[in-house]
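Notes for the one structure printed next.
The values are calculated or read from the model by the stated rules, or taken from the named source; none is laboratory data. Bear in mind the structure is a predicted one, so any value in this text is a computation, not a measurement. With ideal geometry, Cβ positions are generated from the backbone for all residues, glycine too; neighbour counts draw on all protein chains shown. Note: accessible area is taken over every heavy atom of the protein model, side chains too, but ligands, DNA and RNA are not part of it. Shrake-Rupley method; radii C 1.70, N 1.55, O 1.52, S 1.80 Å.
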Amino acid sequence: MHRLQRLAVGGALLGALALPLASTAAPGDAIKLVVGAPPGGTTDTVARSIAQRMSQDLQRTVLVENKPGAGGNIAADYVAKSNPDGNTLLVTFTSFSINATLYRNLPFDPVRDFTPISMLANVPSVLVARKDFPAQSMPEFVSLVKANPGKYTMALGAIGSSLHLAGERMKMLTGMDILNVPYKGTSPAITDLLGGQVDMMFASSLNAMPHIKSGALKALGVTSPQPLAQFPGVPPIGDTIKGFESNAWFALFGPAGLPPETLAKLNAAARKAVAAPEFRQLLEREAAVAVSSSPEELDAFVRKDIERYAEIVKFTGATVD
């Protein structure tokens, strides 16, 4: 499971997902939203909320089926090889773009084998440091780290995650030399950061917020191009490091060859689900943003995202067989 997917969107949203799905269709007519993560993570949470609202709009049963593993590749491969009738769809996340170059031998093509339907949400991250880290701002941070190559450490919740590659992009753009310390998950990484065993990490806004508010961690910058209301006084990293931006995203895809009429109906239902005030407010409360798109916009975004991450993956030299 991509470690980003271990994040929780929030108890209120999880509670909302317990509502039954509206349905007038027979079980065989159900639409499956396949998720490459176990129940309870961000992708699963987003999928279940979207499923509920799409079910009500389409008047069909919309179910979530979890197929975790290989950074989302198992679920993506399953959908890529499914019948393009609109009944088997993929709710995926940032690793969809990253895996295109991180994995040597993908069993599918992330562009040719899928029909983009709509973007669903994105979650910015925050560069956090131990509370006694000597830098107080991003300019101070860059100056300090560049003056001390190899001295400071960065915790990684998962190799190849969007959070890992946010750190690599920062190093690539600045020439900073920071030692990566991999962990088996976000939770142990944050635990060691809180304990001062490592100096910094990129963390999802959802995971970082309680520790920043309590003063246990120091927030140096957010990865979004604009400041986040949830983190007053914390500037975008891009204000200091020109060209820097990083967000985790969640989107809906079908297999290649979805009929245009089916695609139009699914896009309309997804956009309506994303626009639901409850969905938007619950995400925004936790610094996540509900975002929809046209199929063409999502297609263009993914193509560009694959190219952007290819550059960072090449810089890191990381590969997975």
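Reported to the nearest whole Å, the Cα centre-to-centre distance from the stretch 241-279 to the stretch 109-136 is 16. Projecting the Cα atoms of Pro124, Ile98, Tyr152 onto the charge dipole of the stretch 85-185 (Cβ charges, centred on the Cα centre) puts Tyr152 farthest toward the positive pole.
As a check on your grasp of the helix formula, calculate [θ] at 222 nm for the chain: sum -39500 (n - 2.57) over DSSP H runs of n ≥ 4, divide by the residue count, round to the nearest 500.
On the way: 11 runs with 128 residues, N = 321.
That comes out to -12500 deg cm²/dmol.
Taking Cα atoms, how many degrees apart are the long axis of helix 138-147 and the longest axis of the chain, rounded to 10 and kept between 0 and 90? That helix lies at roughly 60 degrees to the long axis. Taking amide H positions as modeled 1.01 Å from N, with prolines and chain starts lacking one, the residues under 5 Å from Val320 and 5 or more places away or on another chain are Tyr103, Arg104. When the chain is treated as a Gaussian network with alpha carbon springs shorter than 10 Å, the biggest mean-square fluctuation among Gly86, Gly257, Gly36 belongs to Gly257. In the full protein context, the stretch 129-217 carries 40 Å² of accessible surface per residue, based on a 1.4 Å probe and ignoring ligands, DNA and RNA. The dipole here belongs to the chain: it is taken about the Cα centre, uses +1 on the Cβ of Lys and Arg and -1 on the Cβ of Asp and Glu, and is about 440 debye.
Please compute the contact order of the chain in relative form: average sequence separation of alpha-carbon pairs under 8 Å and at least six residues apart, divided by the residue count, as a percent.
Values: 692 pairs, mean separation 82.6, N = 321.
It comes to 26 percent, rounded to a whole number.
Under the simplified labelling scheme, the Asp177-Ser143 pair shows an inter-label distance of 2.1 nm, with each label point 7 Å from Cα along Cα→Cβ. Residues whose amide H falls under 5 Å from that of Thr61, counting only those 5 or more places apart or on a different chain, are Thr24, Ala25, Ile31, with hydrogens built in the peptide plane. The stretch between Phe301 and Arg104, if pulled fully straight at 0.36 nm per residue, gains 68.7 nm over its current Cα-Cα span.
Computing the accessible area with a 1.4 Å probe over protein heavy atoms, can you report the carbon and sulfur percentage for the chain?
Numbers: 6840 of 12840 Å².
Exposed carbon and sulfur together represent 53 percent of the surface.
If both residues of a DSSP beta bridge must be in the chain, then about 60% of such bridges are antiparallel. Of all lysines in the structure, the ones whose alpha carbon falls short of 27 Å from that of Lys81, not counting any fewer than 8 places away in one chain, are Lys32, Lys67, Lys265, Lys304.
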